[in-house]
Ligand code: NI
(Lines give C-alpha, C1' and ligand atoms only; values in the text may rest on other atoms or scores of the structure.)
Protein backbone atom coordinates (compact mmCIF):
# COMPACT_ATOMS: atom_id res chain seq x y z
CA UNK A 1 0.00 0.00 0.00
CA UNK A 2 1.04 3.60 -0.42
CA UNK A 3 0.20 6.97 1.02
CA UNK A 4 -0.90 9.22 -1.84
CA UNK A 5 -0.59 13.03 -1.97
CA UNK A 6 -3.93 14.74 -1.25
CA UNK A 7 -5.03 17.52 -3.61
CA UNK A 8 -6.03 20.79 -1.92
CA UNK A 9 -8.85 23.03 -3.10
CA UNK A 10 -9.23 25.03 -5.22
CA UNK A 11 -8.25 22.61 -7.99
CA UNK A 12 -10.05 21.73 -11.25
CA UNK A 13 -9.73 17.99 -10.44
CA UNK A 14 -11.97 18.52 -7.40
CA UNK A 15 -14.62 20.08 -9.70
CA UNK A 16 -14.70 17.09 -12.05
CA UNK A 17 -17.62 14.69 -12.42
CA UNK A 18 -15.92 11.31 -12.00
CA UNK A 19 -16.33 8.32 -14.32
CA UNK A 20 -18.13 5.11 -13.34
CA UNK A 21 -16.13 1.96 -12.65
CA UNK A 22 -16.98 -0.77 -15.16
CA UNK A 23 -15.34 -3.54 -13.14
CA UNK A 24 -13.83 -3.75 -9.65
CA UNK A 25 -10.50 -5.27 -10.66
CA UNK A 26 -7.08 -5.53 -8.98
CA UNK A 27 -6.22 -1.96 -9.96
CA UNK A 28 -9.36 -0.59 -8.27
CA UNK A 29 -8.78 -2.74 -5.16
CA UNK A 30 -5.25 -1.38 -4.95
CA UNK A 31 -6.56 2.17 -5.29
CA UNK A 32 -9.07 1.47 -2.47
CA UNK A 33 -6.29 0.14 -0.22
CA UNK A 34 -4.00 3.09 -0.98
CA UNK A 35 -6.86 5.52 -0.32
CA UNK A 36 -7.59 3.87 3.05
CA UNK A 37 -3.95 4.07 4.07
CA UNK A 38 -3.86 7.73 2.97
CA UNK A 39 -7.08 8.47 4.89
CA UNK A 40 -5.89 6.80 8.12
CA UNK A 41 -2.54 8.60 7.92
CA UNK A 42 -4.16 12.03 7.43
CA UNK A 43 -6.18 11.22 9.65
CA UNK A 44 -9.70 11.40 8.25
CA UNK A 45 -12.98 9.45 8.18
CA UNK A 46 -13.55 9.51 4.43
CA UNK A 47 -11.71 9.99 1.15
CA UNK A 48 -12.84 10.14 -2.48
CA UNK A 49 -10.66 9.20 -5.46
CA UNK A 50 -10.52 12.72 -7.02
CA UNK A 51 -8.82 13.90 -3.80
CA UNK A 52 -5.85 11.75 -4.80
CA UNK A 53 -6.07 12.78 -8.45
CA UNK A 54 -8.11 9.85 -9.77
CA UNK A 55 -11.37 11.01 -11.39
CA UNK A 56 -13.22 7.70 -10.98
CA UNK A 57 -16.14 6.79 -8.71
CA UNK A 58 -14.33 5.26 -5.73
CA UNK A 59 -14.80 6.17 -2.07
CA UNK A 60 -13.48 4.83 1.24
CA UNK A 61 -14.86 5.61 4.69
CA UNK A 62 -14.34 4.52 8.28
CA UNK A 63 -16.54 6.20 10.85
CA UNK A 64 -15.62 3.96 13.80
CA UNK A 65 -14.79 5.87 16.98
CA UNK A 66 -11.22 5.87 18.27
CA UNK A 67 -12.13 3.28 20.95
CA UNK A 68 -13.75 0.90 18.42
CA UNK A 69 -12.29 -1.61 15.97
CA UNK A 70 -11.68 -0.05 12.53
CA UNK A 71 -14.67 -0.41 10.15
CA UNK A 72 -13.32 0.36 6.68
CA UNK A 73 -15.84 0.45 3.83
CA UNK A 74 -14.60 0.37 0.24
CA UNK A 75 -17.09 1.55 -2.37
CA UNK A 76 -17.19 1.75 -6.15
CA UNK A 77 -20.02 3.66 -7.87
CA UNK A 78 -21.76 4.62 -4.62
CA UNK A 79 -25.14 6.30 -5.08
CA UNK A 80 -27.96 7.54 -2.91
CA UNK A 81 -31.00 5.29 -3.38
CA UNK A 82 -33.18 7.21 -0.92
CA UNK A 83 -32.62 9.91 1.67
CA UNK A 84 -34.62 10.62 4.82
CA UNK A 85 -36.94 13.60 5.01
CA UNK A 86 -35.45 14.76 8.31
CA UNK A 87 -32.25 16.75 8.09
CA UNK A 88 -29.23 17.07 10.33
CA UNK A 89 -26.71 19.87 10.75
CA UNK A 90 -23.15 18.71 11.22
CA UNK A 91 -19.83 20.49 11.27
CA UNK A 92 -17.92 19.13 8.28
CA UNK A 93 -14.30 19.28 7.29
CA UNK A 94 -12.39 17.86 4.34
CA UNK A 95 -8.85 16.62 3.77
CA UNK A 96 -8.78 18.83 0.66
CA UNK A 97 -9.59 21.90 2.80
CA UNK A 98 -7.40 21.28 5.86
CA UNK A 99 -8.27 23.27 9.04
CA UNK A 100 -11.53 24.62 7.60
CA UNK A 101 -14.90 23.60 9.01
CA UNK A 102 -18.49 24.67 8.48
CA UNK A 103 -22.01 23.57 9.42
CA UNK A 104 -23.70 21.71 6.56
CA UNK A 105 -27.36 20.64 6.38
CA UNK A 106 -28.01 17.25 4.79
CA UNK A 107 -30.59 14.45 5.03
CA UNK A 108 -30.05 12.71 8.39
CA UNK A 109 -30.22 9.23 6.87
CA UNK A 110 -29.56 7.65 3.49
CA UNK A 111 -29.78 4.29 1.78
CA UNK A 112 -26.65 3.75 -0.32
CA UNK A 113 -26.08 1.38 -3.24
CA UNK A 114 -22.48 0.48 -4.15
CA UNK A 115 -20.14 -2.24 -5.35
CA UNK A 116 -17.83 -3.60 -2.67
CA UNK A 117 -14.16 -4.52 -3.21
CA UNK A 118 -15.16 -7.92 -4.63
CA UNK A 119 -17.55 -6.35 -7.15
CA UNK A 120 -20.66 -7.47 -5.23
CA UNK A 121 -23.56 -5.02 -5.24
CA UNK A 122 -24.58 -3.95 -1.72
CA UNK A 123 -27.13 -1.68 -0.09
CA UNK A 124 -26.56 -0.13 3.34
CA UNK A 125 -28.87 1.99 5.43
CA UNK A 126 -26.93 4.75 7.15
CA UNK A 127 -27.58 7.42 9.74
CA UNK A 128 -25.53 9.75 11.91
CA UNK A 129 -21.89 10.36 11.07
CA UNK A 130 -21.76 7.57 8.46
CA UNK A 131 -24.73 9.05 6.54
CA UNK A 132 -23.11 12.50 6.55
CA UNK A 133 -19.71 11.14 5.61
CA UNK A 134 -20.90 9.04 2.65
CA UNK A 135 -23.04 11.91 1.29
CA UNK A 136 -19.98 14.20 1.55
CA UNK A 137 -17.86 11.63 -0.35
CA UNK A 138 -20.49 11.06 -3.08
CA UNK A 139 -20.56 14.84 -3.53
CA UNK A 140 -16.81 14.69 -4.28
CA UNK A 141 -17.50 12.27 -7.16
CA UNK A 142 -19.80 14.92 -8.66
CA UNK A 143 -17.27 17.74 -8.25
CA UNK A 144 -18.98 19.17 -5.16
CA UNK A 145 -17.19 20.22 -1.95
CA UNK A 146 -18.82 20.79 1.44
CA UNK A 147 -18.17 24.51 1.03
CA UNK A 148 -20.52 24.46 -1.99
CA UNK A 149 -23.31 23.95 0.57
CA UNK A 150 -22.53 27.15 2.52
CA UNK A 151 -22.78 30.86 1.68
CA UNK A 152 -20.66 32.22 -1.17
CA UNK A 153 -19.20 34.77 1.22
CA UNK A 154 -17.91 32.13 3.62
CA UNK A 155 -16.79 29.86 0.77
CA UNK A 156 -14.77 32.62 -0.89
CA UNK A 157 -13.12 33.46 2.42
CA UNK A 158 -12.04 29.83 2.84
CA UNK A 159 -10.82 29.58 -0.78
CA UNK A 160 -8.76 32.75 -0.34
CA UNK A 161 -7.02 31.21 2.67
CA UNK A 162 -6.57 27.93 0.77
CA UNK A 163 -4.86 29.69 -2.18
CA UNK A 164 -2.36 31.14 0.31
CA UNK A 165 -1.91 27.78 2.07
CA UNK A 166 -1.32 26.07 -1.27
CA UNK A 167 1.34 28.63 -2.20
CA UNK A 168 3.12 28.00 1.10
CA UNK A 169 2.82 24.21 0.67
CA UNK A 170 4.32 24.53 -2.82
CA UNK A 171 7.24 26.63 -1.52
CA UNK A 172 7.90 24.12 1.28
CA UNK A 173 7.98 21.19 -1.17
CA UNK A 174 10.40 23.14 -3.38
CA UNK A 175 12.93 23.55 -0.53
NI1 NI B 1 -13.95 15.85 1.57
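Restricting to region 76-96, and then to whatever is more than 14 Å from the ligand (Cβ to nearest atom) and in a loop (DSSP other than H, G, I, E, B), can you tell me which residue is nearest to the chain's Cα centre (by Cα)?
84
Out of the residues in region 129-141 meeting the condition of being within 12 Å of the ligand (Cβ to nearest atom) and either out of contact with any strand residue (DSSP E or B) (no Cβ under 7 Å at 6 or more places or on another chain) or without any contact (Cβ under 8 Å) to a residue 60 or more places away in the chain (or both), tell me which one is nearest to residue 74 (Cα to Cα).
135
Is it the case that residue 6 is modelled with pLDDT of 95 or more and over 16 Å from the mean Cα position of the chain (by Cα)?
Considered against the rule, which asks whether it is modelled with pLDDT of 95 or more and over 16 Å from the mean Cα position of the chain (by Cα), residue 6 comes out as no.
For the structure I just gave you, tell me whether residue 39 is in a helix (DSSP H, G or I), surrounded by 19 or more Cβ atoms within 10 Å (Cβ to Cβ) and within 16 Å of the ligand (Cβ to nearest atom).
It is true that residue 39 is in a helix (DSSP H, G or I), surrounded by 19 or more Cβ atoms within 10 Å (Cβ to Cβ) and within 16 Å of the ligand (Cβ to nearest atom).
Mind checking which residues of region 117-141 are surrounded by 14 or more Cβ atoms within 10 Å (Cβ to Cβ) and either modelled with pLDDT under 95 or not in a helix (DSSP H, G or I) (or both)?
Within region 117-141, 117, 124, 126, 127 meet the criteria.
Cβ-Cβ under 6 Å, sequence separation 6+ or interchain: first residue in region 164-175 and in contact (Cβ under 8 Å) with a residue 12 or more places away in the chain, partner outside any helix (DSSP H, G or I). Which pairs?
Final answer for the pair search is 166/8.
Search region 142-175 for residues being away from the ligand (no atom under 11 Å from the Cβ) and not in a helix (DSSP H, G or I), and hand back the single one that is surrounded by the fewest Cβ atoms within 10 Å (Cβ to Cβ).
For region 142-175, the residue satisfying everything is 175.
Which of (1) surrounded by fewer than 17 Cβ atoms within 10 Å (Cβ to Cβ); (2) part of a loop (DSSP other than H, G, I, E, B); (3) touching a strand residue (DSSP E or B) at 6+ places or on another chain (Cβ under 9 Å) is the odd one out, the single condition residue 24 does not satisfy?
Checking residue 24 against (1) surrounded by fewer than 17 Cβ atoms within 10 Å (Cβ to Cβ); (2) part of a loop (DSSP other than H, G, I, E, B); (3) touching a strand residue (DSSP E or B) at 6+ places or on another chain (Cβ under 9 Å), the one that fails is (1).
Any residue in region 15-42 that's on the phi < 0 side of the Ramachandran plot: show its pairings with residues that are at pLDDT below 95 at Cβ separation under 7 Å, as long as the two are six or more apart or on different chains.
If the second residue must be at pLDDT below 95, the pairs left are 33/1; 34/1; 34/2; 37/1; 37/2.
Please enumerate the residues belonging to region 97-128 that are within 14 Å of the ligand (Cβ to nearest atom) and touching a strand residue (DSSP E or B) at 6+ places or on another chain (Cβ under 9 Å).
Residues satisfying the conditions are 101, 102, 104, 106.
Provide a single number: the residues in region 63-75 that are within 16 Å of residue 124 (Cβ to Cβ) and either away from the ligand (no atom under 14 Å from the Cβ) or touching a strand residue (DSSP E or B) at 6+ places or on another chain (Cβ under 7 Å) (or both).
Adding up the residues that qualify gives 6.
The values are calculated or read from the model by the stated rules, or taken from the named source; none is laboratory data. Quantities reported herein were computed from a predicted structural model and do not represent experimental measurements. Glycine gets a Cβ as well: all are built from the backbone with ideal geometry, and neighbour counts include every protein chain shown.
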